[in-house]
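Have a look at the structure below before the remarks.
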Amino acid sequence: MRTAEEYKDLTIKEFTKAADIYESNQAGIYEMCKDDYPYIASELAQEDYQDLLDCGCGTGPMISLLHEKDSTKHYTGLDITPRMIEVAKSKNLNGVDWVVGDCENLPFEDNSFDVIICSNSFHHYPNPQKFFNSVKRVLRPNGRLILQDYTAPSIVLWFMNHTEMPLANLIGHGDVKAYSLDEIRKFCSVADLKIDNLEACEKFRMHLVARK
């Protein structure tokens with residue numbers, strides 16, 4: 001069993017290699033991340049917000065799309081991999097802050113954001129409850145978390161967590177675990193976040209919307 005720091009080191013090494021091709025047509029498995037962007041955008045269209053944090057932002061593809069649509073809002077991208085943030089900064093998007101940091105210990109003041117988004121990053125976090133607790137702290141009252149990641153029926157989830165992800169670790173990927181909807185409900189409950197929507201969708205996707 002790897003330690004939390006070992007998982008994080010794997011993630012940093014994996015995405016240091018991926019950073020320069022992450023938004024290209026040669027991104028391989030990372031291209032599937034693009035499928036989630038329209039859903040996040042549709043959720044955000046329903047929200048009146050000014051300050052948004054993207055946890056596990058990578059090279060900033062989601063923030064780039066949002067900034068193109070509305071550059072008057074304040075966007076912050078956070079990623080544990082310095083090279084990802086370097087590439088994001090090279091886009092020179094006005095009014096966007098790019099920060100190297102740990103999503104389990106968000107390096108921001110209390111009540112800093114109206115919205116936090118997190119897409120295809122959560123399964124890399126070895127201490128998931130710390131993430132939810134940190135989200136609760138930095139969200140403003142009635143602020144919203146929009147999270148997308150993997151889930152599956154119990155048998156498939158067991159295979160993913162006991163076979164697929166350990167094999168991925170052996171080839172240098174920092175995947176930790178995919179969670180059931182019940183586990184996500186518990187994380188939210190412990191953090192005192194109220195669930196607006198939680199569902200399992202096609203392609204083993206999970207959608208969560210929760211409020212402070």
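Between Pro141, Pro107, the distinction of being touching a residue at least 60 places away in the same chain (Cβ under 8 Å) and more than 12 Å from the chain's Cα centre (by Cα) belongs to Pro141 only.
The conditions of being touching a residue at least 24 places away in the same chain (Cβ under 8 Å), part of a strand (DSSP E or B), of a type outside the set (A, V, I, L, M, F, W, C) and under 18 Å from Tyr150 (Cβ atoms) are met by His207. Regarding Ala178, is this residue hydrophobic (A, V, I, L, M, F, W, C), on the phi < 0 side of the Ramachandran plot and in contact with a helix residue (DSSP H, G or I) (Cβ under 8 Å, 6 or more places away or on another chain)? So Ala178 fits the description; yes. Surrounded by fewer than 17 Cβ atoms within 10 Å (Cβ to Cβ) and more than 20 Å from Met1 (Cβ to Cβ) - does that describe any residue in the range 121-137? The answer is yes, given that some residue of the range 121-137 is surrounded by fewer than 17 Cβ atoms within 10 Å (Cβ to Cβ) and more than 20 Å from Met1 (Cβ to Cβ). Picking from residues in the range 179-204 that are among the small types (Gly, Ala, Ser) and not in a loop (DSSP other than H, G, I, E, B), the one that is nearest to Glu43 (Cα to Cα) is Ala200.
Can you list residue pairs whose Cβ atoms sit under 6 Å apart, with the first residue in the range 181-199 being free of Cβ contacts under 8 Å to residues at least 24 places away in the same chain and the second being surrounded by 15 or more Cβ atoms within 10 Å (Cβ to Cβ) and β-branched (Val, Ile, Thr)? Count only pairs 6 or more apart in sequence or on different chains. So the pair list comes out as Asn197/Val209.
Scanning the range 86-104 for residues that are among the hydrophobic types (A, V, I, L, M, F, W, C) and over 24 Å from Lys136 (Cα atoms), which turns out nearest to the chain's Cα centre (by Cα)? Only one residue fits best here, namely Ala88. For the range 181-199, the set of residues classified as touching a His at 6+ places or on another chain (Cβ under 8 Å) and surrounded by fewer than 14 Cβ atoms within 10 Å (Cβ to Cβ) consists of Asn197, Glu199, listed by residue number. Return the residues of the range 38-66 that are surrounded by fewer than 16 Cβ atoms within 10 Å (Cβ to Cβ) and in contact with a helix residue (DSSP H, G or I) (Cβ under 8 Å, 6 or more places away or on another chain); say none if nothing qualifies. Once the filter is applied, which keeps residues that are surrounded by fewer than 16 Cβ atoms within 10 Å (Cβ to Cβ) and in contact with a helix residue (DSSP H, G or I) (Cβ under 8 Å, 6 or more places away or on another chain), the range 38-66 yields Ala41, Leu65. Within the range 67-103, being in contact (Cβ under 8 Å) with a residue 60 or more places away in the chain and either surrounded by 15 or more Cβ atoms within 10 Å (Cβ to Cβ) or among the small types (Gly, Ala, Ser) (or both) holds for Asp79, Ile80, Thr81, Arg83, Met84, Glu86, Val87, Asp102. Within the option set Val156, Val135, being modelled with pLDDT of 95 or more, in a helix (DSSP H, G or I) and aliphatic (A, V, I, L, M) holds for one residue only, Val135.
Report yes if Ile85 is at pLDDT below 95 and assigned to a helix (DSSP H, G or I), otherwise no. Spelling it out, it is not the case that Ile85 is at pLDDT below 95 and assigned to a helix (DSSP H, G or I).
Could you count how many residues in the range 138-160 are under 23 Å from Lys73 (Cα atoms) and either buried (at least 18 other Cβ atoms within 10 Å of the Cβ) or among the charged types (D, E, K, R) (or both)?
The total comes to 9.
The values are calculated or read from the model by the stated rules, or taken from the named source; none is laboratory data. What you see is a predicted model, and the numbers here were worked out from it, not measured in a lab. Using ideal geometry, Cβ is built from the backbone for each residue, glycine included, and neighbour counts are taken over all protein chains shown.
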